[in-house]
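Written below as structure tokens is the structure these notes are about.
The values are calculated or read from the model by the stated rules, or taken from the named source; none is laboratory data. From a predicted model like this one, the values you see are computed outputs, not experimental measurements. Using ideal geometry, Cβ is built from the backbone for each residue, glycine included, and neighbour counts are taken over all protein chains shown.
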Amino acid sequence: MNSHPVLISTLTCPHCHAQSKEQVPSDACQWFYECRHCHVLLRPKPGDCCVFCSYGDVPCPPIQSGEACCKSS
């Protein structure tokens, strides 16, 4: 396993398909994200803990390391 989580993820909006590179928080889940292109407010898909796990090419740091995320605590 990688001991250093990747902290940049490309989010893809499911509405307009715009992509944006964003900083992944290492200390909290991000439950909302406003698309920079169409301004739709994204929320995690059912079963996912954050918008990075739902719409990013890199999941949040706890998921990257195989741990439970905020939702489970």
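When CYS13, CYS60 are checked against the criterion of being buried (at least 19 other Cβ atoms within 10 Å of the Cβ) and at pLDDT 95 or above, CYS13 stands alone in meeting it.
Among the residues of the range 5-14 satisfying the criterion of being closer than 14 Å to PRO44 by Cα and outside any strand (DSSP E or B), which is nearest to the chain's Cα centre (by Cα)?
So in the range 5-14, the residues closer than 14 Å to PRO44 by Cα come out as 11-14.
With the extra rule that they be outside any strand (DSSP E or B), the set shrinks to 13-14.
Details: CYS13: 11, PRO14: 13 Å.
Across the range 5-14, the extreme among qualifying residues is CYS13.
Of the residues making up the range 31-68, those that are in a loop (DSSP other than H, G, I, E, B) and within 12 Å of LEU7 (Cβ to Cβ) are VAL58, PRO59, CYS60. Scanning the range 24-73 for residues that are among the β-branched types (Val, Ile, Thr), touching a residue at least 24 places away in the same chain (Cβ under 8 Å) and touching a Cys at 6+ places or on another chain (Cβ under 7 Å) turns up VAL24, VAL40.
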